[in-house]
1. Can you name every one of the helices (runs of 4 or more DSSP H) wholly within the range 168-233 that holds 1 or more residues which are acidic (Asp, Glu) and modelled with pLDDT of 90 or more?
2. Residues in the range 492-506: is at least one under 27 Å from residue 215 (Cα atoms) and of a type in the set (Gly, Ala, Ser)?
3. Identify the single condition in (1) open to solvent by less than 20 Å² (accessible area, probe 1.4 Å); (2) touching a residue at least 60 places away in the same chain (Cβ under 8 Å) that residue 454 does not satisfy, given that it satisfies every other one.
4. Quick check: is even one residue across the range 432-439 buried (at least 21 other Cβ atoms within 10 Å of the Cβ), among the small types (Gly, Ala, Ser) and under 30 Å from residue 202 (Cβ atoms)?
5. Suppose the filter is among the charged types (D, E, K, R), over 26 Å from residue 517 (Cα atoms) and outside any strand (DSSP E or B); does residue 367 pass it?
6. Hey, residue 237 hits all of (1) under 30 Å from residue 494 (Cβ atoms); (2) among the polar types (S, T, N, Q); (3) part of a helix (DSSP H, G or I) but one; which does it fall short on?
7. Being open to solvent by 10 Å² or more (accessible area, probe 1.4 Å) and in a helix (DSSP H, G or I) is the filter here, so list the residues in the range 477-489 that pass it.
8. Does any residue of the range 346-356 turn out to be in contact with a helix residue (DSSP H, G or I) (Cβ under 8 Å, 6 or more places away or on another chain) and open to solvent by 10 Å² or more (accessible area, probe 1.4 Å)?
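The values are calculated or read from the model by the stated rules, or taken from the named source; none is laboratory data. What you see is a predicted model; the values in this text were computed from it and never measured. Here the Cβ positions follow ideal geometry from the backbone for every residue, glycine too, while neighbour counts run over all protein chains shown. Just so you know, the surface numbers come from the protein's heavy atoms only, side chains and all, with ligands and any DNA or RNA stripped out. Shrake-Rupley method; radii C 1.70, N 1.55, O 1.52, S 1.80 Å.
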Amino acid sequence: MEKQTNNSDFFYTLQQELADVKQTFIDFWDGISVWLRNQIRRAQQAKIDYILMPIGGPMPERSEPPRSFIQRHLPLPPAPLSMEKLNRRFRAIGDAANVKGVVLVFRGFDCGLASLQNLRRAIHRLRATGKEVIVYTPYLDTPHYYVATAADRIIVPPGTMFEVLGVRTGAIFLKDALAQVGIQADIVQISPYKTAGNIFGESDITPEQQEQLTWLLEERYDMITEGMANGRSLSQTDMQALIDTAPLFAEDALKAGLIDHIAYEDELAYLLADPPSLDNNTNSQHTETRPETDHESEQPKAKLLTWAKAWPQLMEKHRRHTPKIIAVVSLEGTIVMGPSRQPPVDLPLPLVGGPSAGEQTILRLLRQVEKQKNVAALIFHVDSPGGSALASDLIAREINRVAQKIPVLVYMGNVAASGGYYVSAPASHIMCQRGTITGSIGVINGRISTAGMYQKLHINRVYLERGRHASLYTSDKPMTEEERQIFWNAIVKTYDQFKNIVANGRQLPYEELDPICEGRVWSGRQARMHKLVDSHGDFVDAVRKAAELAGLPADDDHEVPVVNFYPQTNRYMPPQPFSAKEEIQRWVLGDLLTSWNNQPLLLMPFVFKLE
């Protein structure tokens with residue numbers, strides 16, 4: 001037996017040494033290739049002033065999976081620009097010694113606060129390499145101006161209005177409207193702070209709902225105005241005062257120091273040819289079309305290239321690649337039982353609209369990662385308002401299992417709350433942005449009664465039953481007190497399990513959790529203060545932290561391959577045995593956990609968006 005063990009160790013060591021030799025050989029030839037390409041570009045004098053780069057849309061964190069042969073030949077819209085692709089471009093620009101900077105042309109953002117903070121972080125990282133970042137934007141509302149203030153300069157066309165008016169949120173209540181058509185919602189929640197069902201069960205905002213909406217609103221306004229003020233070298237008080245004077249014409253915004261230049265897009269080449277000074281502010285505001293004269297053609301122009309034309313000319317930096325990789329699995333959308341789904345039409349309704357993250361798909365991806373021997377760490381990207389309690393528990397179990405073998409870092413997107421937090425809690429490390437919405441550690445359940453609606457329509461329904469609780473999950477009658485108690489018992493048990501997951505995963509005392517749980521929703525900044533997350537950053541920061549946890553080099557001279565794992569088949573994949581040192585006490589989830597009408601939900605109470 002001892003001899004077999006020694007042989008096994010010998011062959012394993014030999015395999016590792018051969019892999020290192022192979023990687024060294026690859027790095028050597030890669031370095032030679034980079035050196036040769038750079039020599040050619042120097043000989044060609046490939047000098048670029050600015051790279052023009054339009055950005056906008058939803059700005060998803062990770063790129064879409066590669067399209068199939070059929071999809072590539074269908075008239076589908078192009079995939080949205082992801083932060084993954086944008087960060088790769090910014091890194092290449094930062095490496096290139098023959099580029100002065102980048103001009104970001106805003107095309108309209110449709111994303112949450114955390115995504116906007118990721119954009120700001122990417123801009124700051126590029127500026128730290130010595131590159132100038134200029135924003136050209138026809139939009140000066142809150143989300144666009146918040147991102148723009150991370151840049152060195154802001155340029156707008158003459159017709160633009162400064163419309164940073166602040167932030168707002170709200171809630172609607174359908175109880176009375178539903179009563180008009182004979183529908184009644186019976187909602188059972190763990191505490192008044194778990195307000196996901198208030199839209200159906202309340203006629204007006206409750207004190208608890210107003211309290212947490214208020215603290216989230218104040219958090220977001222403080223973070224946004226702080227970032228804007230820092231970017232424009234103003235005090236936060238002055239920035240807030242200027243916001244209160246909005247809307248402003250572009251000329252007034254220029255005088256107030258909120259922007260740097262007023263110009264049309266076709267004037268950028270002239271405007272950026274030389275550093276602006278106080279003497280040419282008047283010229284920079286010139287908005288008429290320039291006449292095509294011989295004198296005009298002699299005016300200095302900056303060399304502006306699109307990314308497609310610029311990237312083959314960029315000087316490169318050689319980095320050594322590690323043989324180990326960091327795997328990425330994304331959980332996006334409402335958490336449900338079954339496979340993940342993407343509906344053709346996005347409806348703004350819980351458990352109906354938007355993508356759904358099916359437990360079957362996520363478990364299969366996690367087990368696929370676990371089988372890969374070259375995976376050093378896993379980044380579990382979570383952007384979800386929660387959903388099914390059972391599905392969340394099954395996914396959390398898998399994360400807990402994988403974390404026994406390799407470091408698991410959870411990176412939270414715009415929202416990782418309720419069930420989205422449940423699946424995150426067992427990770428080795430949790431990172432988010434300060435504006436991420438998280439927490440909502442609580443449970444809700446409910447049942448919709450349509451008895452009144454059928455009466456109004458003079459429809460008579462007759463049912464025959466056997467079994468005392470045969471109609472527990474039906475919609476033909478309001479909830480009785482006995483049934484309400486059954487629902488209450490189920491959510492109390494689920495809530496206790498939720499707190500156990502949080503206590504074990506975050507190493508927090510179970511008995512001290514209620515003040516930060518019971519459905520309360522937090523910003524990422526508040527969550528860190530409550531020890532619900534470990535650090536703040538964007539996905540690039542998450543990769544570096546995951547490399548550090550895995551013992552991989554995280555410096556700028558090394559490249560750790562990051563591989564996205566996408567669902568490709570519904571084939572069942574059994575789990576590996578769970579070898580945790582301390583087995584988390586399991587409890588049996590019964591038939592109460594199968595759908596909306598008969599399942600406790602770990603669901604966010606509201607959607608929070610910038611106006």
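1. Working: elements: 175-180, 198-201, 207-231.
The qualifying helices (runs of 4 or more DSSP H) are 175-180, 207-231.
2. Yes, the conditions are met somewhere in the range 492-506.
3. (1)
4. yes
5. On the way: among the charged types (D, E, K, R): yes; over 26 Å from residue 517 (Cα atoms): yes; outside any strand (DSSP E or B): yes.
Against the criterion (among the charged types (D, E, K, R), over 26 Å from residue 517 (Cα atoms) and outside any strand (DSSP E or B)), residue 367 qualifies.
6. For residue 237, the failing item is (1).
7. Pass one, the range 477-489, residues open to solvent by 10 Å² or more (accessible area, probe 1.4 Å): 477-486, 488-489.
481, 482, 483, 484, 485, 486, 488, 489, listed by residue number.
8. Applying the first criterion (in contact with a helix residue (DSSP H, G or I) (Cβ under 8 Å, 6 or more places away or on another chain)) to the range 346-356 yields 351.
When the remaining residues are screened for being open to solvent by 10 Å² or more (accessible area, probe 1.4 Å), the result is 351.
Yes - at least one qualifying residue is present in the range 346-356.
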